[in-house]
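Here's the structure we're looking at; comments come further down.
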Amino acid sequence: MILNNNDILQKKIGVKFKNINFLNIALTHKSYAVENNLKEFNERMEFLGDAILSAATVVYLYQKYPNFNEGKLSKMKSSAVSRTTLNLIARKYDISKFVKISKSEEATGGREKESILANTMESIIGAIFLDKGYKTAEKFVHVVLNKHGITTSDYKSELQEIIQSKYKLIPNYSVIEEKGPDHDKIFKMAVFIDKKQLGTGFGKSKKEAEQNAAKNVLSKI
């Protein structure tokens, strides 16, 4: 049996759609819709998916970390639903192979843009909600947070609290190296106190690299 793109993606995410049109819309970027005179694209589903993701993540954190206070849970939630995290999830599911973008977006590396991949991931969550209901969408988010090892820790905030408490200073971050083409760069960030370098980290975005730099420093403390 030959699988089409929709079949492959449904298998990857573990969700079989009753109405495949929901998934098609979730994968349709506005640029593609404009180029092909389509009326529907994924911005409304992205809006919906953002809300579903937020609610499902709150439930996940509340249940998994019963001893954490509201402040800690809020920081973890912000990290879990961030564009950086959504981009990482999208890459684990190879969403770049399935998203529909215009020729001009394609030419400028749009298929690998963090914003497009993250927004498409939110749209897919919205599509799951519309097709299967909240419980299935919530389950999908919880599986993602568990199965794919997406961190819910805000290492930057954790490191800043320690540094401020110990040295009365705020750590700062700087790009010290960039590799790769514009649409697929790898950043190397360093974290400093004054001019003293504490550690470094890599990432496909500056935010991801900052988190990894902070994580590396924390592992040494």
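The values are calculated or read from the model by the stated rules, or taken from the named source; none is laboratory data. Everything numeric here is computed off the predicted structure, so don't read it as measured data. In this analysis, Cβ positions are derived from the backbone assuming ideal geometry, glycine residues included, and neighbour counts consider all displayed protein chains. Surface areas here come from the heavy atoms of the whole protein model, side chains and all, with no ligands, DNA or RNA. Shrake-Rupley method; radii C 1.70, N 1.55, O 1.52, S 1.80 Å.
When each of Lys132, Lys166, Lys185 is tested for being of a type in the set (Lys, Arg) and under 21 Å from the mean Cα position of the chain (by Cα), the lone residue that passes is Lys185.
Among residues of the range 19-73 being among the hydrophobic types (A, V, I, L, M, F, W, C) and not in a helix (DSSP H, G or I), the one that is farthest from Lys100 (Cα to Cα) is Phe68. Just one residue in the set Asp94, Asp50 is touching a residue at least 12 places away in the same chain (Cβ under 8 Å), open to solvent by less than 50 Å² (accessible area, probe 1.4 Å) and of a type in the set (D, E, K, R); that residue is Asp94.
Please verify whether the range 195-215 includes one or more residues that are closer than 22 Å to Gly71 by Cβ, among the aliphatic types (A, V, I, L, M) and open to solvent by less than 60 Å² (accessible area, probe 1.4 Å). Yes. Note on the range 113-132: residues that are farther than 26 Å from Asn37 by Cβ and open to solvent by 20 Å² or more (accessible area, probe 1.4 Å) total 3.
Does at least one position in the range 55-74 carry a residue that is among the aromatic types (Phe, Trp, Tyr) and closer than 27 Å to Pro181 by Cβ? For the range 55-74, residues among the aromatic types (Phe, Trp, Tyr) and closer than 27 Å to Pro181 by Cβ: absent.
Before we move on, is Leu88 over 14 Å from the mean Cα position of the chain (by Cα) and open to solvent by 20 Å² or more (accessible area, probe 1.4 Å)? Answer is no for this residue. Only one entry of Lys168, Lys179, Lys147 meets the criterion of being surrounded by fewer than 20 Cβ atoms within 10 Å (Cβ to Cβ) and either in contact with a strand residue (DSSP E or B) (Cβ under 7 Å, 6 or more places away or on another chain) or of a type in the set (Gly, Ala, Ser) (or both), and that entry is Lys179. On inspection, Lys16 does not qualify as part of a helix (DSSP H, G or I), among the basic types (Lys, Arg) and either loosely packed, with under 14 Cβ neighbours inside 10 Å or free of Cβ contacts under 8 Å to residues at least 60 places away in the same chain (or both). Going residue by residue through the range 95-110, is there one that turns out to be at pLDDT below 90, closer than 24 Å to Asn21 by Cβ, not in a loop (DSSP other than H, G, I, E, B) and not hydrophobic (A, V, I, L, M, F, W, C)? Checked against the condition, which is being at pLDDT below 90, closer than 24 Å to Asn21 by Cβ, not in a loop (DSSP other than H, G, I, E, B) and not hydrophobic (A, V, I, L, M, F, W, C), the range 95-110 yields at least one hit.
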